[in-house]
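Engineer: Below you'll find the structure I mean.
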Amino acid sequence: MPGGDKFYVTTPIYYVNDAPHLGHAYTTVSCDALTRFRRLDGEDVLFTTGTDEHGQKVENSARARGIAPQAFCDEVSQTFRAMNALLGIDRHDFVRTTEERHIRCATEMWKRIADNGQGDIYLGKYGYYYSVRDETQYEESELVNGKAPTGADVEWVEEENYFFRLSAWQDRLLAFYEANPDFIGPGVRRNEVVSFVKSGLKDVSISRTSFSWGIPVPNDARHIMYVWIEALSVYLTGAGYPDIDSEKFRKYWPCSLHMVGKDIIRHHCVYWPAFLMAAGIPVTKRVFGHGWWTNEGQKMSKSVGNVITPKALIDKYGLDAMRYFVLRELPFGADGDFSHRAMVNRINGDLANDLGNLAQRVLSMVQRYCEGRVPKGGALTDADKTLLGAAQALLPKLRTEYAVPAYHRALDHLWAVVADANRYVDEQAPWALRKTDPARCDTVLYVLTETIRHLAILIQPVMPGSMAKLLDQLAIPADRRDFAALAASPLPAGAALPKPEGIFPRFVETEASA
Ligand code: MSP
């Protein structure tokens, strides 16, 4: 895992008929934290995200605006790129499904399945309930009072479609889950998928003739590919498919992790591995389904008008506080509720009081007692060794948590050391030692600055901006901020440190903010 390995992580591609909201930001930030963690750990990470631009809803939205679908997509896709910039997303590839490289990829994948000699794609007639809003087909048994389970209106549609013979894949899928117990996370999602597949699989329709905004089916341009089969192949596009001999594809495929919301776990854990196996392409190693956010206890929806935008959060609370909150507040995988109160508690508690105050107190004492220079550590006591040992033990623990990924537990480990360090400051009382035993005071402050260095380096994946400020205050050069530097580059005694400045201001309630 550490050092020199490679990793490929993807977010889902976001529908262009929607505007960026907290749900999109959540998936993206979680992948970004993972990407940063692995890059700092010496891995070569390919990180892709992008936009899902075909389908009937997009065609309808463009028509309603009186513009061509491509112009509509160009405009909305840009808002997702802008979201990434706002969220401080690290180096990544933004893939649009209207790009030539994706059209080539999806077309080739279709051909590979169609030509596999097993009849996995065939032409048939199909009738189904279809929701334009959800871009999903429903069985009669799934309808609730004549509507989709999501509440969307449905219409009965009958057309000639190409089908994927999913029914023939049941045993192979079950054998695949059995042989790859880590394929689906968390466990609750895995159980859900396994019982869905065990209950029997029906063939799925994978083409449409009722509208034209999509990628034509190879050798039958009357049909366009159904948006899901086409959209899923974007993960291959990101790795350079169909150039399977390219360095990129050989290096990054099979993909390491698809991060998705729990609502699209079935598409990623049932259809997608079957498509890949049918095309003779190795299957992605892991899919993780995270939970959904509500807003102050309510489902977010455009009609209720309570959709939280990433921009509103960042403007109000700051980027790093928002990133920290979403990764810390709930067990990754579970559903959560966004509330102003909970956010303010995290900002004023974990960030301002705990970490911010620790850094500010310690660095101010270094200024006052050590002439603003990194103090020299003398012989270490048991208490010193315990604190330093806890800081040094963090990296292997975090590697385990990020492999899940369980960001909340990674942050718990980090904040346990923040708490240890605050307790150590109180117990050692360097302000008193200053008068009675200045050499011991130096050692205590050395232990503390080293602990803060470990924390700042390891918290970077979640809060890159504020940790960069903290590392600047420790005068750590840019090339000594990765995980290899934790053990290799302790703070050099005597190095001059700049005057510390608070990194996490408290959130002060005003009438408007509450
Ligand atoms: N276009 C498909 C994905 C195709 S991937 C080959 C899609 N797009 S989406 O824009 O509707 O959703 C993107 C992601 O946002 C999904 O992972 C979804 O779970 C997530 N979220 C949407 N609303 C959410 C919340 N309220 N909370 C958390 N995540 C949610 O699906």
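The values are calculated or read from the model by the stated rules, or taken from the named source; none is laboratory data. Remember, it's a predicted structure, so these values are computed and weren't measured experimentally. No Cβ is skipped: glycine too gets one built from the backbone with ideal geometry, and neighbour counts run over all protein chains shown. For accessibility, only protein heavy atoms count, side chains too; no ligands or nucleic acids. Shrake-Rupley method; radii C 1.70, N 1.55, O 1.52, S 1.80 Å.
A quick yes/no check of all residues on (1) closer than 13 Å to residue 53 by Cβ; (2) not aromatic (Phe, Trp, Tyr); (3) not in a helix (DSSP H, G or I):
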{"residue": "70", "(1), (2), (3)": "yes, yes, no"}
{"residue": "78", "(1), (2), (3)": "yes, yes, no"}
{"residue": "82", "(1), (2), (3)": "no, yes, no"}
{"residue": "85", "(1), (2), (3)": "no, yes, no"}
{"residue": "91", "(1), (2), (3)": "no, yes, yes"}
{"residue": "103", "(1), (2), (3)": "yes, yes, no"}
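Engineer: Examine the range 70-78 for a residue that is at pLDDT 95 or above, among the β-branched types (Val, Ile, Thr) and away from the ligand (no atom under 16 Å from the Cβ), and state whether such a residue exists.
Structural biologist: Among the residues of the range 70-78, not one is at pLDDT 95 or above, among the β-branched types (Val, Ile, Thr) and away from the ligand (no atom under 16 Å from the Cβ), which makes the answer no.
Engineer: In this structure, is residue 244 within 27 Å of residue 94 (Cβ to Cβ) and either in contact (Cβ under 8 Å) with a residue 40 or more places away in the chain or of a type in the set (Asp, Glu) (or both)?
Structural biologist: It is false that residue 244 is within 27 Å of residue 94 (Cβ to Cβ) and either in contact (Cβ under 8 Å) with a residue 40 or more places away in the chain or of a type in the set (Asp, Glu) (or both).
Engineer: Please enumerate the residues belonging to the range 14-37 that are more than 15 Å from the ligand (Cβ to nearest atom) and open to solvent by 10 Å² or more (accessible area, probe 1.4 Å).
Structural biologist: Within the range 14-37, 36 is the sole residue that qualifies.
Engineer: Still on this structure: Restricting the range 217-239 to residues that are of a type in the set (Phe, Trp, Tyr) and crowded, with 22+ Cβ neighbours inside 10 Å, which is farthest from the chain's Cα centre (by Cα)?
Structural biologist: Filtering the range 217-239 for residues that are of a type in the set (Phe, Trp, Tyr) and crowded, with 22+ Cβ neighbours inside 10 Å, the one farthest from the chain's Cα centre (by Cα) comes out as 226.
Engineer: Here's a follow-up. Name the residues in the range 492-505 that are in a loop (DSSP other than H, G, I, E, B) and surrounded by fewer than 13 Cβ atoms within 10 Å (Cβ to Cβ), would you?
Structural biologist: Within the range 492-505, 492, 494, 498, 499, 501, 502 meet the criteria.
For every residue, the table says whether it meets (1) farther than 21 Å from residue 35 by Cα; (2) among the hydrophobic types (A, V, I, L, M, F, W, C).
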position	(1), (2)
412	no, no
450	yes, no
472	yes, no
479	no, no
486	no, yes
491	yes, yes
497	yes, yes
502	yes, no
512	yes, yes
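Engineer: Let me ask something additional. Do we find that residue 214 is open to solvent by 10 Å² or more (accessible area, probe 1.4 Å), touching a residue at least 40 places away in the same chain (Cβ under 8 Å) and within 15 Å of the ligand (Cβ to nearest atom) in this structure?
Structural biologist: Answer is yes for this residue.
Engineer: What's the number of the condition residue 168 fails, among (1) assigned to a strand (DSSP E or B); (2) at pLDDT 95 or above?
Structural biologist: If we test residue 168 against (1) assigned to a strand (DSSP E or B); (2) at pLDDT 95 or above, just (1) comes out false.
Engineer: With respect to the numbered conditions (1) in contact (Cβ under 8 Å) with a residue 24 or more places away in the chain; (2) closer than 30 Å to residue 8 by Cα, which one is the sole condition not fulfilled by residue 358?
Structural biologist: So residue 358 meets the others, but not (2).
Engineer: While we're looking at this one, here's another question. Within the set of pairs 6+ apart or on separate chains, which have a first residue in the range 222-234 that is within 7 Å of the ligand (Cβ to nearest atom), a second that is assigned to a strand (DSSP E or B), and C-beta atoms under 6 Å apart?
Structural biologist: Matching pairs, first to second residue: 231/52; 234/95.
Engineer: Does residue 272 satisfy being in contact with a helix residue (DSSP H, G or I) (Cβ under 6 Å, 6 or more places away or on another chain) and closer than 23 Å to residue 340 by Cα?
Structural biologist: Answer is no for this residue.
Engineer: Only one residue in 489, 466 is free of Cβ contacts under 8 Å to residues at least 24 places away in the same chain, of a type in the set (S, T, N, Q) and open to solvent by less than 60 Å² (accessible area, probe 1.4 Å). Which one?
Structural biologist: When all the criteria are applied, what remains is 489.
Engineer: Would you check if there is a residue in the range 379-391 being of a type in the set (A, V, I, L, M), touching a Pro at 6+ places or on another chain (Cβ under 9 Å) and modelled with pLDDT of 95 or more?
Structural biologist: No: the range 379-391 contains no residue that is of a type in the set (A, V, I, L, M), touching a Pro at 6+ places or on another chain (Cβ under 9 Å) and modelled with pLDDT of 95 or more.
Okay, residues lined up against (1) buried (at least 23 other Cβ atoms within 10 Å of the Cβ); (2) more than 16 Å from the ligand (Cβ to nearest atom); (3) not in a helix (DSSP H, G or I):
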site: 9; (1), (2), (3): yes, no, yes
site: 12; (1), (2), (3): yes, no, yes
site: 39; (1), (2), (3): no, yes, no
site: 48; (1), (2), (3): no, no, yes
site: 67; (1), (2), (3): no, yes, yes
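Engineer: Give the residue that is least open to solvent (accessible area, probe 1.4 Å), with candidates limited to residues of the range 241-266 that are closer than 27 Å to residue 26 by Cα and among the basic types (Lys, Arg).
Structural biologist: 262
Engineer: Give the number of residues within the range 247-262 that are more than 9 Å from the ligand (Cβ to nearest atom), touching a strand residue (DSSP E or B) at 6+ places or on another chain (Cβ under 7 Å) and assigned to a helix (DSSP H, G or I).
Structural biologist: Residues flagged as more than 9 Å from the ligand (Cβ to nearest atom), touching a strand residue (DSSP E or B) at 6+ places or on another chain (Cβ under 7 Å) and assigned to a helix (DSSP H, G or I) within the range 247-262 amount to 2.
Engineer: With the requirement that a residue be in a strand (DSSP E or B) and either touching a residue at least 60 places away in the same chain (Cβ under 8 Å) or surrounded by fewer than 20 Cβ atoms within 10 Å (Cβ to Cβ) (or both), what does the range 50-64 give you?
Structural biologist: 50, 52
Engineer: Another question about this same structure. Considering the range 124-140 alone, what residues qualify as being open to solvent by 80 Å² or more (accessible area, probe 1.4 Å) and either in contact (Cβ under 8 Å) with a residue 24 or more places away in the chain or among the basic types (Lys, Arg) (or both)?
Structural biologist: Listed by number, the residues that qualify are 125, 133.
Engineer: Any chance you could count how many residues in the range 141-191 are within 30 Å of residue 218 (Cα to Cα), open to solvent by 50 Å² or more (accessible area, probe 1.4 Å) and not basic (Lys, Arg)?
Structural biologist: 6
Engineer: State yes or no: is residue 440 part of a helix (DSSP H, G or I) and of a type in the set (Lys, Arg)?
Structural biologist: Yes, satisfied.
Engineer: A follow-up question, please. I'd like the full set of residues that are touching a Lys or Arg at 6+ places or on another chain (Cβ under 8 Å), open to solvent by 10 Å² or more (accessible area, probe 1.4 Å) and among the aliphatic types (A, V, I, L, M), limited to the range 428-463.
Structural biologist: Matches in the range 428-463: 433 only.
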